[in-house]
Amino acid sequence: MERFLITGGKTLSGEIPVKGSKNAALKLMAASLLFDHPVTFSNIPDINDIHSMKKLIELAGGKTYSEDDQITLDNSKLISSNLDCDIAKRIRASIVLIGPLLARIGKASFPHPGGCVIGKRPIDYFVEGFKKLGARITLSDDGYKFSGRLRGNDIFLPFPSVTVTETLMMASAIAYGQTIIKNAAAEPEITQLAELLRLGGADISGAGTNTIVINGTNSRLLRMKDPAPFKIIPDRIEAGSFVILGALLSDCLKISNCCPEHIESLLYTIESAGAKLTRGEDWIKVGRSNDIRSVNITTGPYPSFATDLQSPFSIFLTQAQGESMIFETVFEGRLAYLEEIKRMGANIILCDPHRAIITGPAKLRAREMESPDLRAGLAYIIAALVAEGDSVVHNVYHIDRGYERVEERLRNVGASIQRVQV
Ligand code: EPU
């Protein structure tokens, strides 16, 4: 077990480059199962969720080769449609493998998926979507079994779910006939996934909008014409979290290797609250402002305010003058971490599972805390860096799922944070 020891109150400065997107990389790796030739990705983050996905693919018969920030996945001889239960339960994203496995092998089974503890996170939209594509589904104590040859259909999603859109898009890419996904999610990770599938010969239009049209290849597998590595987009959640950190604690922090366009909602909101930013095509500079004002946020599907940035932004709001409301609409269990921030001295009223009122500014006190999930874990790091004194953050493995050696990178810009073995 490891924990972070953090001494708050230090001023940050310098440059912090953003790594490749976890949530793009995981789905692109899954999509490689639709290819009968190796696919190479670059800008792969070195994080635990990626290691887990790699292992799952290897256990299904895929070959993987990693070097620096690149990974090559050769799924020409995929042999198993079963996912390793232990790993699949650990990462929610494993569910996206069902799409390519079912479309390619005609069957797939998996346990109830895992991941962060942020609400109920059911899988009914996946099940309904696969039914629409003609799959048979049986449920047992071990989990779900899907089988059948997939045929395109019109699918309306009750909510623009990210992984459901991705999974159905992958499955439909090599299915028979046309699929139209309505009320689809439009996150940049989905646009990039469609781009990869198209480079492999899939016929997909509309990704990045709410209607995606896929003309299946009638079971023909995909193949890249160009073997050059496919570069993963920068992680927009990491970029946004560093912007928040810079706005709280830095003289001037340059967030590089990022895509400001992917976090317009955060940038708009944080500027409305008084933060001073400058930006280029792939960088953002931000510094502390003396005049931070309260602002309300409502999380929602892209391009609305990202639910994954809600927890770091709440720390920003503890330092803003006045009363701010957070309205979390995507997940119902994603405000629980605020109890700990209250214990640090923040003035927070948890109205219900979806809404909280934060009144600032508050002086945060150092504390010993347990990271409940990946994004709240980073919020605790930010809170500890703001607080005066020495804090401890436990359950570092949650944070390692999504942020590559975050303590080294924060130390490079002046933070006092050490990883220690318990
Ligand atoms: N939902 C259902 N039924 C389903 C699927 C989803 O009711 O079958 C509900 C969820 O419970 C939630 C809402 O739909 O209330 C939206 O969830 P969505 O399916 O969009 O989330 P996800 O695909 O499970 C991805 C990211 C999350 C991110 C959300 C929202 C991955 C692997 N995960 O999750 O990222 O918060 O989209 O943007 O892409 C993270 O990286 O820490 C993380 C949690």
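A straight line joining the Cα centroids of segment 1-60 and segment 68-96 runs 14 Å.
Given their separation in residues at 0.36 nm each and the Cα-Cα distance between them, Asp46 and Val422 gain 133.1 nm when the chain is fully extended. Counting only aspartates and glutamates at least 8 places from Lys54 when in the same chain, those with an alpha carbon closer than 12 Å to its own are Asp46, Asp74, Asp84.
Among Phe305, Phe156, the sequence by solvent-accessible area, most first, with a 1.4 Å probe is Phe156, Phe305.
Among Asp74, Asp49, the order of accessible area from largest down is Asp74, Asp49, computed with a 1.4 Å probe on protein heavy atoms. Cα-based radius of gyration for the chain, normalised by 2.2 N^0.38 Å, reads 0.98. Averaged per residue, the chain has 40 square angstrom of accessible surface, using a 1.4 angstrom probe with ligands and nucleic acids left out.
Here the peptides 399-410, 167-178 are ranked by packing, the mean other Cβ count within 10 Å, and the order with the highest first is 167-178, 399-410. For the chain, the carbon plus sulfur part of the accessible surface works out to 48%, probe radius 1.4 Å. Note on exposure: Arg375, Arg355 ranked by accessible area (1.4 Å probe, complete protein assembly) read Arg355, Arg375, with the most exposed listed first. In this model, which of Lys107/Lys131; Lys19/Lys225; Lys55/Lys89; Lys342/Lys363 are farther than 18 Å apart at the alpha-carbon? Distance filter (> 18 Å) returns Lys19/Lys225. A simple count of charges around Asn412, restricted to other residues whose Cβ falls under 13 Å of its Cβ and scoring Lys, Arg +1 and Asp, Glu -1, yields +1. Centre-to-centre separation between the Cα atoms of segment 261-322 and those of segment 237-258: 10 Å. The protection proxy used here, the mean number of other Cβ atoms lying within 10 Å of each residue, ranks peptides 215-227, 310-322 as follows, highest first: 310-322, 215-227.
Lys and Arg at +1, Asp and Glu at -1: add these up for the other residues within a Cβ distance under 13 Å of Arg223 and post the number. After counting each charged neighbour, the total is 0. Spin-label model, Gln70 to Gln178: label points 7 Å out along the Cα-to-beta-carbon direction sit 4.0 nm apart. Potential lengthening of the chain between Lys342 and Met1 amounts to 120.2 nm, from the contour at 0.36 nm per residue minus the alpha-carbon distance. Compared with the dominant Cα axis of the chain, that is its longest principal axis, helix 188-199 is turned about 30°.
The values are calculated or read from the model by the stated rules, or taken from the named source; none is laboratory data. Please read these numbers as outputs of a predicted model, since none were measured by experiment. Ideal geometry is used to build each Cβ from the backbone, glycine not excepted, and the neighbour counts take in all protein chains shown. The protein model used for the area step is the full one, side chains on, heavy atoms only, and it has no ligands, DNA or RNA in it. Shrake-Rupley method; radii C 1.70, N 1.55, O 1.52, S 1.80 Å.
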